[in-house]
Structures are given as structure tokens and as C-alpha cells.
1. Would you mind listing the strands (runs of 3 or more DSSP E) fully within region 18-91 where at least 1 residues are at pLDDT below 95 and not aromatic (F, W, Y)?
2. Specify the residue that is nearest to the chain's Cα centre (by Cα); the eligible residues are those in region 92-105 that are part of a helix (DSSP H, G or I) and of a type in the set (A, V, I, L, M, F, W, C).
3. Scan region 7-17 for residues that are in contact (Cβ under 8 Å) with a residue 24 or more places away in the chain, surrounded by 13 or more Cβ atoms within 10 Å (Cβ to Cβ) and either of a type outside the set (G, A, S) or assigned to a loop (DSSP other than H, G, I, E, B) (or both) and report the count.
4. Inspect region 62-73 for any residue being touching a Ser or Thr at 6+ places or on another chain (Cβ under 9 Å), farther than 13 Å from R3 by Cα, aliphatic (A, V, I, L, M) and crowded, with 20+ Cβ neighbours inside 10 Å and give the result as yes or no.
Amino acid sequence: MVRKARLSDAQAIHSLVNEYALQGVLLPRSLSSIYEHIRDFWVYEEGGEVLGCCALQIVWADLAEIRSFAVRKDRKGLGIGKALISSCIEEAKSLGIKKVFSLTYAKDYFERFGFRVVDKSTLPHKVWGDCINCVKFPNCDEIAVILELDGNAAGVLEGSLQIHRW
């Protein structure tokens, strides 16, 4: 089931995100950062175990970022990622966010949800807020993708997975 993260999930989120960071496909997050942003995170939990996570971070009045998106390797292809992305998009809609973006190496995956590739320069709040402090700046090789929310954007995300919002 997908739910908002709890403080007790921080260690599992940290391990999952940093496993991918060691491979260079996600930026590392400190445990301190996870605790500071725990309210941004969604987790997919099964049998008391966190199998996936992602965060929706507000960037500006009409803009949010999906970040720290990770699914345990042995659980890929089961709809966990779909449920997590769907939860972030639904939360963005409920907050009145007009655009959701991500910096990713999984461009094709995000395109399945209606995201389109954009130049990073179209995201100045992100570039000057976070990217400028990143070790990859200014030679970042991640791809910027964006989804404009018009009320129907999450239609492709409907599925049979149970999503709980507590």
C-alpha cells in the first residue's frame, strides 16, 4: 500500500535512495535531509517493509518536483513505481500545483505518465535553488521532464493498486 511516510520510515528511505546513489542514478540524501523532508515522502509498504519511495517537494507557487524516486530492485515491474508517482501527482493536484517535474535518467518511464522532456533552463527555481549546489553542476547529465496538470493528467495512472492516504 502507498501511504505518507512516517518518521519510522526514514532509515529505510535513506537505505533505498542511497543504494541507487551508489550506482550514480540518484543523488545521495543524508539521513538528516530525509528527516527534514519526511513530510514530502510517500512510501510503498508491504508486510511492514518499505519497498519503494518518492518525494514531492514544492519548488514554487505552481511548481513541484518528484525526487528520490526508488523501488527495491527485486520488486520492479509490479506497479509500485506507478502507485508512488500517482500519489505524488494526486497530492500536487490537491495542493493546486500546475506543473510537476523531475530530473531523471528514466525519461522513458516518466513519459509513460505524460511527462515531456524540457530543457533544464526552463526550471530556474530548481537550477538556482538546488542544482547550483550539486556536485554535477554545471555538467548535469540528468534529463528534465515535466507534466502540466490540467485536471486529467493522472488518468493514465489509474490502476488496481490500493492507495491509502492517512
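The values are calculated or read from the model by the stated rules, or taken from the named source; none is laboratory data. Given the structure is predicted, the values throughout are model-derived calculations rather than measurements. Every residue, glycine as well, gets a Cβ built from its backbone with ideal geometry; the counts of neighbours run over all protein chains shown.
1. So the answer is 49-60, 63-71.
2. We begin by selecting, within region 92-105, every residue part of a helix (DSSP H, G or I); these are 92-95.
Add one more test, that the residue is of a type in the set (A, V, I, L, M, F, W, C), and what stays is 92, 95.
Values: A92: 12, L95: 16 Å.
That would be A92.
3. Of the residues in that region, 4 qualify.
4. yes
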